[in-house]
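A short worksheet on the structure shown next.
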């Protein structure tokens, strides 16, 4: 699993509450990504980071924010959770020393979030 | 929106048979990647084929790429029950890897 830990692994929360998911890596890779996976949609990119305090939006960023204050941690926050954000969330890292953006990603095992 | 689309959506075969799944994409690419996802787990990278390559092998995996048709195929030979998983193609038309919706492969004993 390339030293990637996602926490929590499962969470149930109520609509309107804030939720923060954590991705922790042990290998000091620069690039980190948050994806969500839903039936019929595959994986869709929410946000990504290319260094400490450097983040950018992905395809489905509305309703989500991220922070990266340390190389090893990339946090995904749902400011006010909605039922449409019920999903499985995956963190990924790109173990590249700065070469092609297209190099393979390593994924964590996901966080299953249910918003009731 | 999905850059890649896999076909078929689901595939069921007997152990020992070959499994073929296809991926079509929309824009020009530098490379195309295939990933496997076992139930309840994250995606695992299988193989990467560059745009100037037509075929690539890795163990029981064979990947082809046809850039004129914007399509790729993944062949798994002599399938095993352990190959049961979802398979995704992925491309990066810009600097962000985009995944297809996947093919669910079931290999029965």
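Coordinate-derived values only; no laboratory data. Here the structure is a predicted model, which means the values were calculated and not measured. Heads up, the Cβs are rebuilt from the backbone with ideal geometry, glycines too, and the neighbour counts pull from every protein chain shown.
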> How would you rank A:12, B:44, A:66, going from fewest to most other Cβ atoms within 10 Å of each one's own Cβ?
Replying inline: A:12, B:44, A:66
> Taking the alpha carbon gyration tensor of segment B:4-108, what are the square roots of 5 times its eigenvalues, largest first, to the nearest whole Å?
Replying inline: 22, 14, 12
> For residue B:50 and residue B:26, FRET efficiency with R0 = 25 Å and r from the beta-carbon atoms, rounded to 0.05?
Replying inline: 0.85
>> Considering all alpha-carbon pairs of the protein assembly as shown, what whole percent are spaced by more than 25 angstrom?
In response: 40 percent
>> Based on alpha-carbon centroids, what's the gap between segment A:33-112 and segment B:1-65 in Å, whole number please?
In response: 22 Å
> Between residue B:106 and residue B:69, what FRET efficiency comes out of the Förster formula 1/(1 + (r/R0)^6) with R0 = 35 Å and r the beta carbon distance, rounded to 0.05?
Replying inline: 0.80
> Sorting B:103, B:20 on the 10 Å Cβ count, fewest up front, what's the list?
Replying inline: B:20, B:103
>> Residues of segment B:28-65 with backbone nitrogen within less than 13 Å of a virtual label 7 Å along the Cα-to-Cβ line of residue B:82, please, listed as ranges.
In response: B:60
>> Just to be sure I understand the model, the point goes 7 Å from the Cα along the line to the Cβ. What's the resulting residue B:57 to residue B:38 distance in nm?
In response: 2.6 nm
>> Between residue A:70 and residue A:14, what is the label-point separation in nm under the 7 Å Cα-to-beta-carbon projection?
In response: 3.2 nm
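For chain A, what proportion of DSSP beta bridges, expressed in % and rounded to the nearest 5, is antiparallel?
Bridges in chain A are about 90 percent antiparallel.
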>> Just to be sure I understand the model, the point goes 7 Å from the Cα along the line to the Cβ. What's the resulting residue B:96 to residue A:83 distance in nm?
In response: 2.7 nm
> By DSSP, what percent of the beta bridges with both residues in the protein assembly as shown are antiparallel, rounded to the nearest 5?
Replying inline: 90 percent
> From Cα coordinates alone, what are the radius of gyration and Dmax values for segment A:4-115 in angstrom?
Replying inline: 13.2, 42
> Kirkwood hydrodynamic radius of segment A:1-51 from all distinct Cα pairs, in Å?
Replying inline: 13.0 Å
> Who wins for biggest fluctuation among B:31, B:22, B:52 in a Gaussian network model of chain B, springs between alpha carbons below 10 Å?
Replying inline: B:52
